[in-house]
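**Q** So that we are looking at the same thing, I have put the structure below in structure tokens.
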Amino acid sequence: MCGICGFSGEKDEWTLRSMLRAIEHRGPDAEGVYIDEFVSLGNRRLSIIDLEDGDQPIFNESGDVVVVYNGEIYNFLDLRAELQEKGHRFRTRTDTEVLVHLYEEYGDELATHLNGMFSFALWDRSRQRLLVVRDQVGVKPLCYWWNGRTLVFGSEIKAILKHPLVTAERDPDATHLLLNLRFIPAPRTLFKGVKKLPPGHLMVLENGDLHVRRYWDWNRDIDEMASPQEWSARFEASMRSAVGRQMVSDVPVGAFLSGGLDSSAIVAYASQHSSEPMHTFSLGFGEPTDELRDARIIANQFETRHVEETLGLNPLADFPLMIHHVEEPKVNALQGFCVARMASRHVKVALSGLGGDELYAGYDIHRHLRIVEKLRAVYPAWLCNLLSGPVRASAHSGNRALGLPFENTRRGLELIAWLHNDARCYQILRNAWDHEDEAFQRVYNPLFARQVRIRTEDVLGPLFAGPSGLVDGALWAEFNLKMVDDLLHNEDRVSMAHSLEVRVPFLDREVIQQALRIPLRHKFPGRRCKAIMKDALRATLPEKIIAKKKWGFSFNPYCQFKKDLRDVARQVLLLNDSSTREIFDRKFIQGILDHRPTPKLRWHYFMLWTALGLHYWHEVFVEGRDPQEVAGPVADQSKPALV
């Protein structure tokens, strides 16, 4: 696991070294560079495999092909054997060296042979050609800036900002999407001009031109022949194999353990591949939804070396530092930042259960979508079309201001009005609000509202365009958007902030391909989420874990509002010089802060959290302040977990 960066154009070792210093946390074990008159490539290494001889850059036998790489290739031993049979000679045991020989053999199609998580930059000196690739799923990040002449890229945007041509400026459309979805879909980032390379894509810089294209498509042809029992058996076999592949390491491997189904399954399978008790890590927040007790049940069953902590102090104290690493003001990254910090004290590699919900329909929203399907049978499309005008007028009548007491009613009426629009239904249930013109008046400063030129449906609509149906469309949207640009984005940044490699067995290429072919009626019968998984794990995990209601590894926004969020937000967001004043209508922020605390305003507390984060983001990246000394009040460390 590493961090990479580089740029095209004239030699400038000082800039390259500066970029590498910005991502030193991703690879504290070694630094390597390659510089010629056309391209500069850098790598920071976290040593996991071949600790002695795996430093980068890595070259082919002739020295004409050079690569810097971030990630793990789980099938590299098989690929290495195949390449050796074809006459290729290896000088290290690292998976990185496979890349240069695969390129010699297959050219740009080398990535189609890889099962792993990766991003890499490969320079073909003889052709003066730069190839940059991101893995099929998007586990490992790759961002870039291109002005038509110079390409600058890196594992993190912090490195890109060190290049003298790049400046930090907030993008209005990305800001708007963040405030609707709580993440920013690729290729946008919060930084104007900086893009993410989407999963399964590569880019080639050659003869002064940059070309980006997709190299990988998932097979979504449904297999109707297998029974649910057969699918459960296949799930178990594929997960055992995936976990076994991802346990390969020259350093100890641990696992995050929330106490939920996915992380418990990972611990169960990993324990079968480990000759010694493995480390497991759990984090509580001192809130009613903590799952520490369930995590202990699994830890005891599989005799792990279990470590748990409860955050007794205000987590907002780490918020500016977390934003520095995640590069976005996320509402769901701080908890991962804290558990990764805890795990990094004990291991260098940790397994995560991320991906199970997206592949096997594990979220509450999937149950809600089943209700929508039933409502469609009661309210046909022609009736909804007829009623949409009066219903939407009722939803907003008398609520042109904040209208907090009526927020849930408003959303319910909006859902009825758009009942037969798949993307819009999903959007409303995900608490996106920009389909309402009235919402712009409630939320935004008028000047900022005029800068926004995109809507959430522009992003979601194409993923619901096929004939797959409402729930399948939602699963596909979550797999391509939320999983990649929200959950995987967080997982990479918060773990690498503490020099910790996180692997995700549910997102093994073979596991994904199998899951995408399961008929929805088997995967999600009725309102029974994760049916295939639960049936497969029933003989392995306690029934309490199989049957428990999903909460998710996150803070409770209502508890956080009562604790410190309201006080800190009031002190920061209402300042005359707050950078958020140009985004939000002051009455919107004031209304949330003045309203009595209630669990019904969960969405508003998320908005408040994001608004506070945007203020800190501006101070850290635009004003260039040290995140640990950022201006403005941060949480009182002496306050208890709950008030």
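The values are calculated or read from the model by the stated rules, or taken from the named source; none is laboratory data. These figures come from a predicted structure and were not determined experimentally. Note that each Cβ is placed from the backbone with ideal geometry, even for glycine, and that neighbours are counted across all protein chains shown. Heads up: the accessible areas ignore ligands, DNA and RNA and are worked out on the full protein's heavy atoms, side chains in. Shrake-Rupley method; radii C 1.70, N 1.55, O 1.52, S 1.80 Å.
**Q** Highest mean first, what order results for 350-361, 568-579 on Cβ atoms within 10 Å? Working shown, then result.
**A** Numbers: 350-361: 25.3, 568-579: 16.5.
Output ranking for 350-361, 568-579: 350-361, 568-579.
**Q** So which of K140/K600; K158/K587; K563/K587 end up more than 25 Å apart, counting from Cα to Cα?
**A** Working: K140/K600 36 Å; K158/K587 34 Å; K563/K587 22 Å.
Table pairs above 25 Å Cα-Cα are K140/K600; K158/K587.
**Q** Here is a follow-up. Express as a percent, rounded to the nearest 5, the fraction of DSSP beta bridges in the chain (both residues included) that run antiparallel.
**A** Working: 53 of 68 bridges.
Antiparallel bridges: around 80 percent, rounded to the nearest 5.
**Q** Calculated FRET efficiency, E37 and H113, Cβ-Cβ r, R0 35 Å, to nearest 0.05?
**A** On the way: r = 32 Å, r/R0 = 0.90.
Once rounded, the FRET efficiency stands at 0.65.
**Q** If you average the alpha carbon positions of region 1-20 and of region 556-597, how far apart do those two centres end up, in angstrom?
**A** Rounded to whole Å, the Cα centres lie 40 Å apart.
**Q** Which one of Y215, I589, I297 is farthest out on the positive end of the charge dipole of the chain, using unit charges on Cβ (Lys, Arg +1; Asp, Glu -1) and the Cα centre as origin?
**A** Going by the charge dipole, the pick is I589.
**Q** Sticking with this one: Over region 147-228, with the other protein chains present, what is the accessible area per residue in square angstrom, probe 1.4 angstrom? Please list the in-between numbers first.
**A** Working: 3300 Å² over 82 residues.
Solvent-accessible surface per residue comes out at 40 Å².
**Q** If you don't mind, another one. How large is the accessible surface of V98 in square angstrom, using a 1.4 angstrom probe and rounding to the nearest 10?
**A** 0 Å²
**Q** Considering only DSSP states other than H, G, I, E and B, which trypsin sites (Lys or Arg not before Pro) in region 179-227 qualify as loop sites with at most 16 other Cβ atoms within 10 Å? Working shown, then result.
**A** Working: sites: R182, R188, K192, K195, K196, R213, R214, R220; in loops: R182, R188, K192, R220.
Taking region 179-227 and a limit of 16 other Cβ atoms within 10 Å, the loop trypsin sites (Lys or Arg not before Pro) found are K192, R220.
**Q** Any idea how far the Cα center of region 96-167 sits from the one of region 473-548, in Å?
**A** 27 Å
**Q** In square angstrom, what is the accessible area per residue of region 496-612 with a 1.4 angstrom probe?
**A** On the way: 4420 Å² over 117 residues.
With all protein chains present, region 496-612 gives 38 Å² per residue.
**Q** Defining a contact as two alpha carbons under 8 Å apart and six or more residues distant in sequence, what relative contact order in percent does region 455-558 show? Spell out each step's value before the answer.
**A** Values: 27 pairs, mean separation 10.5, N = 104.
Relative contact order comes out at 10 percent.
**Q** Per DSSP helix of 4 or more residues, -39500 (n - 2.57); summed, then divided by the residues of the chain. What does that give at 222 nm, rounded to the nearest 500? Please list the in-between numbers first.
**A** On the way: 28 runs with 254 residues, N = 643.
Only helices count here, giving -11000 deg cm²/dmol.
**Q** To the nearest 20 debye, what is the magnitude of the charge dipole of region 38-124 about its Cα centre, counting +1 on the Cβ of each Lys and Arg and -1 on the Cβ of each Asp and Glu? Present the calculation step by step, with values, prior to reporting the outcome.
**A** Details: 7 positive and 17 negative charges, 52 e Å.
In total the dipole reaches around 260 debye.
**Q** Something else: Starting from the Kirkwood radius over alpha-carbon pairs of region 162-201, derive D by Stokes-Einstein at 37 °C in a medium of 0.692 mPa s and give it in µm² s⁻¹. Numbers along the way, then the final one.
**A** Numbers: Rh = 10.8 Å.
Stokes-Einstein gives a translational diffusion coefficient of 303 µm²/s.
**Q** Largest first and to the nearest Å, give the Cα extent of region 209-322 along each principal axis.
**A** Its Cα atoms span 50, 49, 35 Å along the three principal axes.
**Q** With an 8 Å cut-off on Cα pairs and a minimum separation of 6 or more residues, tell me the relative contact order of region 27-127 in percent.
**A** The value is 30 percent.
**Q** Under 37 °C and 0.692 mPa s, how fast does the chain diffuse according to Stokes-Einstein, given a Kirkwood radius computed over C-alpha pairs? Answer in µm²/s, whole number.
**A** The diffusion coefficient I find is 128 µm²/s.
**Q** Evaluate the distance, in nm, between pseudo-label points positioned 7 Å from the Cα of E105 and of Q229 along their respective Cα→Cβ axes.
**A** 4.1 nm
**Q** Which percent of the accessible area of the chain is formed by carbon and sulfur heavy atoms (probe 1.4 angstrom)?
**A** Numbers: 11780 of 24070 Å².
About 49 percent, which is the carbon plus sulfur part of the accessible surface.
**Q** A further question follows. Rounding to the nearest 20 debye, state how big the charge dipole of region 527-594 is about its Cα centre with +1 on each Lys and Arg Cβ and -1 on each Asp and Glu Cβ. It would help to have the intermediate numbers written out before the result.
**A** Working: 16 positive and 8 negative charges, 137 e Å.
Taking the Cα centre of region 527-594 as origin, the dipole is about 660 debye.
**Q** In Å and on Cα atoms, what radius of gyration and Dmax does region 109-247 show?
**A** Gyration radius and largest Cα-Cα distance of region 109-247: 18.8, 59 Å.
**Q** Normalised by the empirical 2.2 N^0.38 Å for globular proteins, what value does the Cα Rg of region 1-109 take? The partial results should precede the final answer.
**A** On the way: Rg = 14.1 Å, N = 109, 2.2 N^0.38 = 13.1 Å.
Computed over Cα atoms of region 1-109, the ratio equals 1.08.
**Q** Taking the solvent-accessible surface of protein heavy atoms with a 1.4 Å probe, what is the per residue accessible area of region 275-326 in Å²? Intermediate results must be reported in sequence, preceding the final value.
**A** On the way: 2200 Å² over 52 residues.
With all protein chains present, region 275-326 gives 42 Å² per residue.
**Q** Taking +1 at the Cβ of each Lys and Arg and -1 at the Cβ of each Asp and Glu, which of L311, N445, C338 sits farthest along the dipole of the chain towards its positive end, judged by Cα position relative to the Cα centre?
**A** N445
**Q** Still on this model: Would you calculate the separation in nanometres between label points at D221 and L77, each defined as 7 Å from the Cα along the Cα-to-beta-carbon direction?
**A** Rounded to a tenth, the inter-label distance reads 3.2 nm.
**Q** Report, largest value first, the span of the C-alpha coordinates of region 259-389 along each principal axis, in whole Å.
**A** 63, 39, 27
**Q** Provide the gained length on full extension for the span K549 to E24, in nm with one decimal, where the gain is 0.36 nm per separating residue minus the Cα-Cα distance. Provide the component values of the computation, followed by the final result.
**A** On the way: separation 525, 0.36 × 525 = 189.00 nm, distance 4.00 nm.
Stretched fully, the K549-E24 segment lengthens by 185.0 nm.
**Q** Between R376 and E303, how many nm apart are label points set 7 Å from Cα along the C-beta direction?
**A** In this crude spin-label approximation the distance works out to 5.1 nm.
**Q** Let me ask you something else. Over all directions, the average projected area of the alpha-carbon convex hull for region 460-508 comes to how many nm²?
**A** 3.9 nm²
**Q** Given charges of +1 on the Cβ of Lys and Arg and -1 on the Cβ of Asp and Glu, with all other atoms neutral, how large is the dipole of the chain about its Cα centre, in debye to the nearest 20? Each step should come with its number before you reach the end.
**A** Values: 80 positive and 86 negative charges, 515 e Å.
The calculation lands at about 2480 debye.
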